[in-house]
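The values are calculated or read from the model by the stated rules, or taken from the named source; none is laboratory data. Only a predicted model underlies this, so the values are computations on that prediction, with no experimental measurement involved. When we count neighbours, we look across all protein chains shown, and the Cβ atoms used for this are built from the backbone with ideal geometry, even at glycine. With ligands, DNA and RNA removed, areas are computed over all heavy atoms of the protein, side chains included. Shrake-Rupley method; radii C 1.70, N 1.55, O 1.52, S 1.80 Å.
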Amino acid sequence: MEEVWLQAQSNLAKVLTHQTFNTWIEPIKYLGSKRNVLLLEAPNQFVRDRVSESYLPMILESVQSLTDSQTKIELLIAKPKLEKPKQPAAPEAAAAEPETCAGPDHSTNLNPKYTFDTFVCGGSNQFAHAAAQSVANSPAGKYNPLFIYGGVGLGKTHLLNAIGNHVLSVNRKARICFYTSEKFMNELINCLRYQKMDQFRNKFRKMDILLIDDIQFIAGKERTQEEFFHTFNSLYESHKQIVVTSDKFPKDIPGLEERLRSRFEWGLIADIQAPDTETKVAILRKKADADHISLPDDVALFLASSSTTNVRELEGMLIRLGAVSSLTGKNITLDMAREVLKDIIVDKSKEITVEMIQKFVAEHFGLKVADLKSDKRLKVLVIPRQIAIYLCRDLTKSSYPEIGERFGGKDHSTIIHSVKKVEKLLSQDFELRNTVDTLRKGLLS
Ligand SMILES: Nc1ncnc2c1ncn2[C@@H]1O[C@H](COP(=O)(O)OP(=O)(O)OP(=O)(O)O)[C@@H](O)[C@H]1O
């Protein structure tokens with residue numbers, strides 16, 4: 001039955017977009033089988049719920065086509081690795097005398113433009129988007145804390161605000177605190193300095209929803225982590241929702257205390273990946289409409305096919321075109337966009353093939369194409385091979401099995417593993433990210 005599951009996954013990979021596949025199907029593991037029931041395991045309840053809602057019929061069809069129509073599927077949830085402590089953590093000793101401590105009007109520091117309505121949901125962010133909506137609809141329900149992580153400019157802050165804005169739209173009285181971790185730290189420092197710690201604690205602990213952006217910045221800051229830890233415990237124990245964002249997965253944040261890391265893992269961890277071209281186009285369209293910029297389809301596609309995945313940068317290009325258009329009184333056209341953005345965008349109109357990528361990557365690393373296709377496990381070969389595979393998936397339309405075929409007949413699961421590995425390294429390893437960017441730019445130029 002395990003073979004059946006692998007084959008079914010492989011078949012599904014061919015019909016689903018690779019982001020949908022990566023988000024919902026790939027994380028499902030084979031557990032076993034009993035009689036005609038295939039036992040599968042989702043990594044958490046969230047994935048189980050979504051897959052059951054949206055993909056189970058498709059999965060069942062795929063499995064039954066490989067076995068028979070009597071086969072059933074049971075989708076279970078993986079056991080959590082960490083047990084929650086029964087008792088709340090011991091409260092910290094009360095600090096010195098309270099007085100005043102300047103704080104924000106916590107219900108107004110949300111950005112009103114960052115709502116679910118203005119957020120474009122695509123394969124790359126559907127997991128985080130669905131998780132954020134779920135939390136906004138039932139705070140402190142199933143997914144507490146919610147930890148959203150992803151690269152720069154991919155919409156983490158937008159989703160965080162969208163949660164707050166949605167909750168406020170339903171309940172004007174909800175006490176919502178939206179802070180960057182840096183602001184949390186600065187306020188803490190001030191309160192420590194002026195001995196206003198009680199006030200500090202009361203303020204955060206009476207919130208209904210605590211939204212902390214860029215939590216990675218508290219790593220290595222002992223006192224801030226300590227205070228955040230107690231705030232977290234207090235809110236969690238009172239069934240209040242906590243949502244944090246970060247540019248990294250909790251265990252990949254260096255200097256983050258173990259006790260905080262484990263708490264972030266209690267709830268749901270949702271990632272945002274780089275948007276694909278279709279999502280980039282949709283984001284640009286929405287932004288252009290909101291800003292009353294007339295953006296022709298071919299220009300939207302031209303911007304979206306640029307190698308940047310940072311949505312903030314894409315928006316920057318659009319704003320620049322809008323500004324040039326309104327200053328010169330000329331409509332935005334493809335030629336104008338090419339001229340105005342010539343230093344930023346490389347033309348992706350040429351077709352890129354797996355063979356071109358293999359040759360280019362092999363040359364870059366001083367290897368032979370045959371080395372990339374081989375099964376040799378030498379470190380000097382493994383990373384270039386994985387990068388080449390990743391770029392094939394990113395820059396060509398080839399499916400996992402097709403790429404596997406062209407890399408010496410590798411299995412699709414090896415290809416998926418390589419792509420995932422590089423995706424993970426891209427968010428952790430600055431040097432590798434540079435190398436991949438350079439290669440991508442070289443291939444596209
Ligand atoms: N899916 C999306 N739909 C609409 N707009 C988006 C989307 N993703 C990002 N944006 C926009 O891109 C810009 C950058 O997003 P945001 O600030 O949320 O990114 P971030 O992930 O928090 O980045 P950073 O890591 O720099 O904090 C914002 O203007 C945001 O509205």
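The table below gives the values:
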read-out	value
Portion, in percent, of the accessible area of the chain that falls on carbon or sulfur, probe 1.4 Å	51 percent
Mean Cα-pair separation over length for the chain, i.e. relative contact order, pairs under 8 Å, 6 or more apart, %	14 percent
5 angstrom amide H check on residue 270, placed H, neighbours 5+ away	147, 148, 149
At q = 0.10, 0.12, 0.14 Å⁻¹, base-10 log of I(q)/I(0) for the range 242-377 (Debye sum, equal scatterers on each alpha carbon)	-0.58, -0.75, -0.86
The chain: angle of helix 379-395 to the longest principal axis, Cα-based, in degrees nearest 10	90 degrees
Nitroxide proxy distance, nm - points 7 Å out along Cα→Cβ at residue 137 and residue 193	4.5 nm
Given charges at beta-carbon only (K, R positive; D, E negative), |dipole| of the chain in Debye	480 debye
From phi via Karplus (6.51, -1.76, 1.60), per-residue ³J(HN,Hα) for the range 407-415 in Hz, x at Gly/Pro	9, x, x, 7, 5, 4, 5, 5, 5
Contour minus Cα-Cα distance for residue 292 and residue 324 (0.36 nm per residue)	10.1 nm
Accessible solvent surface per residue of the chain, calculated while the other protein chains remain in place, 1.4 angstrom probe, Å²	49 Å²
Debye intensity ratio in log₁₀ form over the Cα atoms of the range 172-315, taken at each q of 0.09, 0.14 Å⁻¹	-0.41, -0.78
Global form of the chain, assessed from the alpha-carbon gyration tensor, a/c cut-off 1.5	oblate
Spin-label pair residue 52/residue 342, simplified geometry with 7 Å Cα→Cβ offset, distance in nm	5.8 nm
Integer Hz, Karplus 6.51/-1.76/1.60 couplings in order for the range 111-128, x for Gly and Pro	7, x, 7, 8, 10, 5, 5, 8, 9, 8, 9, x, x, 6, 10, 5, 5, 5
Part-to-part distance (alpha-carbon centres) for the range 385-445 and the range 228-266, which is given in Å	32 Å
Per-residue HN-Hα couplings for the range 194-211 [Karplus 6.51, -1.76, 1.60; θ = phi - 60°; Hz; x = Gly/Pro]	9, 6, 10, 5, 4, 4, 4, 5, 4, 4, 6, 7, 9, 6, 8, 9, 10, 10
Relative contact order (percent, whole number), the range 130-276, Cα cutoff 8 Å, 6+ residue spacing	39 percent
Eligible lysines near residue 34 by straight Cα distance, threshold 23 Å, same-chain separation 8 or greater	72, 79
Diffusion constant of the range 135-185 at 4 °C, which comes from Stokes-Einstein with the Kirkwood Cα-pair radius and 1.567 mPa s, µm²/s	106 µm²/s
Gain in span if fully extended, residue 441 to residue 226, counting 0.36 nm per residue against the direct Cα distance	73.1 nm
Helix 354-364 vs. the chain, principal-axis angle (Cα, 0 to 90°, nearest 10)	70 degrees
Rounded tilt (10° steps) of 430-444 against the dominant C-alpha axis of the chain	40 degrees
For the range 130-214: rounded, prolate or oblate by the Cα gyration tensor [a/c cutoff 1.5]	oblate
Calculated P(r) of the range 196-273 - Cα pairs past 19 Å, %	33 percent
For residue 182, net neighbour charge (Lys/Arg +1, Asp/Glu -1) across residues whose Cβ lies under 12 Å away	-1
Dipole moment magnitude, nearest 20 debye, the range 339-445 about Cα centre, only Lys, Arg, Asp, Glu C-beta charged	320 debye
Among the listed pairs 156/286; 248/397; 183/420; 342/420, those beyond 23 Å (Cα-Cα)	248/397; 183/420; 342/420
Average Cα contact separation per residue, the range 9-65, under 8 Å, 6 or more apart, as relative contact order %	28 percent
Accessible area (Å², 1.4 Å probe, nearest 10) - residue 62	10 Å²
Sum of -39500 (n - 2.57) over DSSP H runs of 4+, divided by residues of the chain (222 nm, nearest 500)	-15500 deg cm²/dmol
